[in-house]
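The values are calculated or read from the model by the stated rules, or taken from the named source; none is laboratory data. Bear in mind the structure is a predicted one, so any value in this text is a computation, not a measurement. Cβ sites come from the backbone with ideal geometry, for glycine too, and all protein chains shown count toward neighbours. What goes into the accessible areas is simple: the full protein's heavy atoms, side chains included, and nothing from ligands, DNA or RNA. Shrake-Rupley method; radii C 1.70, N 1.55, O 1.52, S 1.80 Å.
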Amino acid sequence: MDLAGYLRIQARANRLANHRLHAAMAPLSREQFHATRTGFFPSLAATLNHILWVDLYYIGCLHGERGVRARLLPWQPFDELAPLAAAQAESDQRLIAWCDRLDAAALDAMVEMERADHVQRDRTGHVLAHLFNHQTHHRGQAHAMLAGTPVAPPQLDEFMMPSEAHLRAQDMATLGWREDAVYR
């Protein structure tokens with residue numbers, strides 16, 4: 001498997017993990033969703049909103065959208081899980097579609113990221129590595145926060161191995177994916 005193929009799988013692993021995490025959190029009350037917890041961000045709501053905001057920013061940059069930072073600065077966090085999960089699913093699908101078009105040359109293309117006082121430039125492969133690491137890092141914090149609720153944290157990490165298809169069959173069907181299409 002080449003790097004572009006790996007990143008296509010990683011984009012789907014991200015979607016599957018978000019799908020499982022959001023489904024597990026669905027029974028939480030609004031109060032539990034916003035309750036103060038230990039983590040970099042002080043609640044499940046704040047953590048998941050942060051993940052989404054950063055995804056929107058970097059995915060917009062990958063798409064070459066000008067003004068993405070300015071457009072997102074006034075962004076209002078979601079107050080409830082259901083609309084947040086729907087927006088995250090849309091963002092995840094946009095990332096999957098973008099990664100499905102990747103090839104080796106595209107991984108070396110420069111991405112411009114508008115910052116407060118400059119434009120940062122990095123190669124696509126580095127931006128994607130950063131984005132997937134960021135998602136995993138903060139999703140892991142949300143996963144740990146669930147331990148302080150009545151909800152059992154879901155399994156999030158077996159998606160990468162083709163031999164573990166039986167562990168994700170139901171989720172793959174729900175998401176409309178086929179093993180042969182994902183693992184080619």
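Some observations on this one:
- Among the conditions (1) closer than 28 Å to A45 by Cβ; (2) outside any strand (DSSP E or B), the only one that H126 does not satisfy is (1).
- Restricting attention to segment 142-184, the residues that are touching a residue at least 40 places away in the same chain (Cβ under 8 Å) and among the basic types (K, R) total 2.
- Checklist (1) within 22 Å of L102 (Cα to Cα); (2) out of contact with any helix residue (DSSP H, G or I) (no Cβ under 7 Å at 6 or more places or on another chain); (3) surrounded by 15 or more Cβ atoms within 10 Å (Cβ to Cβ) applied to H126, failing item: (3)
- Per-region count, segment 145-171, residues open to solvent by less than 60 Å² (accessible area, probe 1.4 Å), closer than 19 Å to D92 by Cα and not aliphatic (A, V, I, L, M): 5
- Residue, farthest from L131 (Cα to Cα), within segment 1-21, restricted to residues that are of a type outside the set (A, V, I, L, M) and open to solvent by 60 Å² or more (accessible area, probe 1.4 Å): D2
- Residue match in segment 132-149 (condition: more than 30 Å from P27 (Cβ to Cβ) and part of a helix (DSSP H, G or I)): no
- 1 or more residues in contact with a His (Cβ under 8 Å, 6 or more places away or on another chain) and open to solvent by less than 30 Å² (accessible area, probe 1.4 Å): qualifying helices (runs of 4 or more DSSP H) within segment 22-93: 44-62
- Candidates A109, A142: the one that is closer than 18 Å to L56 by Cβ and either basic (K, R) or surrounded by 13 or more Cβ atoms within 10 Å (Cβ to Cβ) (or both) is A142.
- Failed condition for V182, given (1) of a type outside the set (K, R); (2) closer than 30 Å to F41 by Cα; (3) crowded, with 18+ Cβ neighbours inside 10 Å: (2)
- The one condition from (1) assigned to a helix (DSSP H, G or I); (2) within 25 Å of E31 (Cα to Cα) that A152 does not meet is (1).
- Residue-level check: of (1) farther than 21 Å from A24 by Cα; (2) open to solvent by 40 Å² or more (accessible area, probe 1.4 Å); (3) under 19 Å from the mean Cα position of the chain (by Cα), T174 misses just (1).
- Condition broken by D180, with the remaining ones in (1) in a helix (DSSP H, G or I); (2) closer than 26 Å to A24 by Cβ; (3) not aromatic (F, W, Y) satisfied: (2)
- Once segment 94-114 is narrowed to residues that are in a loop (DSSP other than H, G, I, E, B) and not aliphatic (A, V, I, L, M), the residue that is modelled with the highest pLDDT is R101.
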